[in-house]
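The values are calculated or read from the model by the stated rules, or taken from the named source; none is laboratory data. None of these values were measured; they are calculated from a predicted model. Every residue, glycine as well, gets a Cβ built from its backbone with ideal geometry; the counts of neighbours run over all protein chains shown. We work out accessible area using only protein heavy atoms, side chains counted, and drop any ligands, DNA or RNA first. Shrake-Rupley method; radii C 1.70, N 1.55, O 1.52, S 1.80 Å.
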Amino acid sequence: MVARTEAYVAVQPESRTLFKGKAITDTAQIGDLVVPSVGIGTISWSSNNFFNIENDDLQELVTEAYDNNAAFFDTAERYGSHTKTALGMGYGETERMTRKFLLEARESLGERPVSPVVASKFTPLPWRTTVESVVEACEQSRKNLGVEQIDLYQIHMPDIVKPFRFLGTDKANDEIYWDGLAECYHRGLVKNVGVCNYGPTLVARCQEALAKRGVPLASNQIAYSLLGRHNGAQETVDKCSELGVKVLAYYPYAMGLLTGKYSAEALELSDIASDTSLRKFKKSGLEMKDLERYAKGDGSIVPAGGISPLIVTMASIAESRGKTVSQVALNYIMSKGAIPIPGCRTASQLKDNLGATGWRLTDTEVAMLELEADKLGFGFDGAGFKRTSEKFVGYGIEKWSLD
């Protein structure tokens, strides 16, 4: 395994980082890792070949990230190509994609001064009830990724998948999973450990339990954005800051709403049923219906006009800084001390995401954005079957809360 050489340096808020010709130097700390301040989410990655791992767009993305010291990937054992995942065959595939594309980037460009950082996740399942089940899953992820140690190994969510709850068999195995993380750490299988979708109470309990085993809790990944500070999200960010646990933020764009592409104006200019520019983002009909409701309003939960007032304020700040609306959305999260993990499938998306680095919103700009977001009177809870605090798990819906 190639030894890590830290080459990142801190930047001042108003400096600029170029995509071409300069390595990304705007960084954050997760445990003992130094990572780019914007990560790369892989949940939407898919191979173009059912039998082999092939995707030229993803290879270009990974190569560009590797070449610019921006290679911080967040994946999970349960992520895989869309068709395979639907058939229950996707486990481990995105981890293997990450390995393959990084290997090809390294062979093409040679070693870089900063090694890529890859985070993965353990999925709580009803038949995983022992410490060894966590270790076995970690070993498999380690093989999928082709590494001696996983940089950051996370529990994907609280232990909520209980298909036989109606029989009274719903005892949570969270503490067992924490012992499993500690075991992985002490066996040298992982460098850092984290959790996902834990609220203030659970994250504090987890940190305390791990500390008794001599293991620091490095991170907690939750749904968090300018539109997603309700339902305990902001309280969780605050508690994690107090505990020294880094927050990683998924859904930083609120499934695209905070990029402006689903604004009322954009939707008016397109026929959703036929416009491939919107359909290519692989949103389902149910997801598009919910996103349109957020964008335009429904006169009930979402007032008429939807998120337009917030997008106008974001666009004004973006214009004054020579940035995009989406870059303002990511920088807001960075300005709150968290690391956004936007889904990313192309080099052009990566370029736009990295435009959020090398500068910070002022306190006044943050306050303006939060004021407009609060005035909307609603928050983002997800779209279609993709929700911020629940999962469709085959037999039904299971929920968690950030409390």
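Counting DSSP beta bridges in the chain, what percent are antiparallel, to the nearest 5? In the chain, approximately 25 percent of DSSP beta bridges are antiparallel ones.
Here each label is just a point 7 Å from Cα along the line to Cβ, and for I301 and K351 those points are 3.8 nm apart. Under the simplified labelling scheme, the D67-Q29 pair shows an inter-label distance of 3.2 nm, with each label point 7 Å from Cα along Cα→Cβ. Which of A65, A318, A223 moves the most in a Gaussian network model of the chain with Cα springs under 10 Å? Largest GNM mean-square fluctuation: A318. Note on the chain: with a GNM built from Cα contacts shorter than 10 Å, the maximum mean-square fluctuation among L286, L167, L145 falls on L167.
Per Stokes-Einstein, at 37 °C and 0.692 mPa s, what whole-number D in µm² s⁻¹ belongs to the chain, with the Kirkwood radius over Cα pairs as the hydrodynamic radius? Before the final figure, lay out the partial values.
Values: Rh = 21.6 Å.
Translational diffusion coefficient: 152 µm²/s.
Between the stretch 224-240 and the stretch 45-75, the alpha-carbon centres lie 30 Å apart. Would the stretch 40-81 count as rounded, prolate or oblate if I go by the C-alpha gyration tensor, calling it rounded below 1.5 in a/c and otherwise prolate when a/b exceeds b/c, oblate otherwise? Oblate is the answer for the stretch 40-81, as a/c is 1.5 or above yet b/c matches or exceeds a/b.
Suppose all protein chains stay in the model; what accessible area per residue would a 1.4 Å probe give for the chain, in Å²? Don't skip to the answer; put the middle values down first.
Numbers: 17220 Å² over 403 residues.
Per residue, the chain has 43 Å² of solvent-accessible surface.
Round to a whole number: what % of the accessible area of the chain belongs to carbon and sulfur, probe 1.4 Å? Exposed carbon and sulfur together represent 53 percent of the surface. Centre-to-centre, using Cα atoms only, the stretch 281-331 and the stretch 365-403 are separated by 14 Å. Counting only Cα atoms, the size of the stretch 63-200 along its three principal axes is 56, 36, 27 Å, in decreasing order. Here the sum of -39500 (n - 2.57) over DSSP H runs of 4 or more residues, divided by the residues of the chain, equals -11500 deg cm²/dmol at 222 nm, to the nearest 500. Structure remark: mean-square fluctuation, Gaussian network model of the chain, C-alpha springs under 10 Å; the largest value among F378, F50, F101 belongs to F50. Between F164 and F51, the modelled label-to-label distance comes to 4.0 nm, taking each label 7 Å out from Cα in the direction of the beta carbon.
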